[in-house]
Amino acid sequence: MRGRFAPSPTGPLHFGSIVAAVASYLDAKAAGGEWLVRMEDLDPPREQPGAADVILRTLEAFGLEWDGPVLYQSQRGEAYAAALDRLARDGLVFACACTRKEVAEGRYPGTCRNGVPPGREARAWRVRVDGAAVAFEDRARGRVHQDLSREVGDFVLRRADGLFAYQLAVVVDDAAQGITDVVRGADLLDSTPRQIYLQRLLGFRRLRYSHVPVATNAAGEKLSKQTGAPPVDPASAGPTLCEVLRFLGFDPPEGLEMAGPRDVLAWARARWDISSIVKKEACAVLGASEQDECHVTEKR
Ligand code: GLU
């Protein structure tokens, strides 16, 4: 069993990102597995200089020790290009000239699928999505399914600015790092069917997924740099970890706050059971109605 935490260095870690870090760490460690860290520095315009190091120091201060070297996506261009080439050789990708604005909402309408319209320059690459219904069993929330061709359509693997898309990079790296279990925030639930689809096309092993609740602010917005979430304070790791555990549905005993972060993590590790993590709002996040089956209807 091997898990991972894959932060994007767009700023320091906030409460929501620590939730994903702690949940993935506990899940791997409770099973006697390994926990890796991958820095998703794939999109320089969105990144903040120095944030990657701040994130790693914060993880250390929280007692979240990773196994093996940190993998940096900024150094993985060749691997992503090789995966894209493989798909291209199999006739599974096509060049696309559509601007983001032209296909901003909903499903990709297939504009460049059979060739770029005359006079347009194709700079992005999309993967063909044909009749792909994807279903998987989320360990934290049960069955999830999405009809990719109806709801998403052909999606971007390499952007017009030359950067590789998150969906491709994450699939290539999860395979290269031998990850078996992905535990992350439910805001990424709508990406998972696309990732499973790419794993299939590339012949990679299928992973197990668990999507944990997403922390929101008082206005109900996901905590993020954009919504002004404050960074977590490494000096109060114990109390913050207890708050994370309460958020995940645990009931840490009084006084555990005062223990060091390693002791708090050891307490939780002994009690970890991902299937008991509140399934609450994942379906609400995605606008689904059924209780025991989450149907993904949006994409990011
Ligand atoms: N880098 C992504 C983020 O910070 C997480 C990717 C993942 O866990 O698959 O939102």
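The values are calculated or read from the model by the stated rules, or taken from the named source; none is laboratory data. Note that this is a predicted model, so its numbers are computed, not measured. Note that we place each Cβ from the backbone using ideal geometry, even for glycine, and neighbour counts take in every protein chain shown.
Is it true that some residue in the range 44-65 is under 20 Å from Val171 (Cα atoms) and modelled with pLDDT under 95? Yes, there is a match, as at least one residue in the range 44-65 is under 20 Å from Val171 (Cα atoms) and modelled with pLDDT under 95. If I filter the range 125-147 down to residues being modelled with pLDDT under 95 and not in a strand (DSSP E or B), which single residue comes out as nearest to Tyr108 (Cα to Cα)? Here the answer is Asp130. When residues in the range 32-90 are screened for being surrounded by 18 or more Cβ atoms within 10 Å (Cβ to Cβ), assigned to a loop (DSSP other than H, G, I, E, B) and hydrophobic (A, V, I, L, M, F, W, C), 4 of them pass. Every test in (1) closer than 21 Å to Asp43 by Cβ; (2) surrounded by fewer than 17 Cβ atoms within 10 Å (Cβ to Cβ) is passed by Asp174 save one, and that test is (2).
For (1) within 16 Å of the ligand (Cβ to nearest atom); (2) basic (Lys, Arg); (3) in contact (Cβ under 8 Å) with a residue 60 or more places away in the chain, each residue gets a yes or a no:
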site: Lys29; (1), (2), (3): no, yes, yes
site: Val37; (1), (2), (3): yes, no, no
site: Leu42; (1), (2), (3): yes, no, yes
site: Arg46; (1), (2), (3): yes, yes, no
site: Arg57; (1), (2), (3): no, yes, yes
site: Leu87; (1), (2), (3): no, no, yes
site: Asn114; (1), (2), (3): no, no, no
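Starting from residues that are touching a Phe, Trp or Tyr at 6+ places or on another chain (Cβ under 8 Å) and within 15 Å of Asp154 (Cβ to Cβ), keep the ones in the range 188-197 and report whichever is nearest to the ligand (Cβ to nearest atom). Talk me through it step by step, then tell me what you get.
Filtering the range 188-197 for residues touching a Phe, Trp or Tyr at 6+ places or on another chain (Cβ under 8 Å) gives 191-194, 196.
Right, trim to within 15 Å of Asp154 (Cβ to Cβ) and you get 193-194.
On the way: Pro193: 13, Arg194: 11 Å.
Filtering the range 188-197 for residues that are touching a Phe, Trp or Tyr at 6+ places or on another chain (Cβ under 8 Å) and within 15 Å of Asp154 (Cβ to Cβ), the one nearest to the ligand (Cβ to nearest atom) comes out as Arg194.
Applying the condition of being closer than 24 Å to Arg123 by Cα and aliphatic (A, V, I, L, M) to the range 165-187 and asking which residue is nearest to the ligand (Cβ to nearest atom) yields Val170. The set of residues from the range 9-22 being within 11 Å of the ligand (Cβ to nearest atom) and closer than 13 Å to Arg184 by Cα comprises Gly16, Ser17, Ala20, Ala21.
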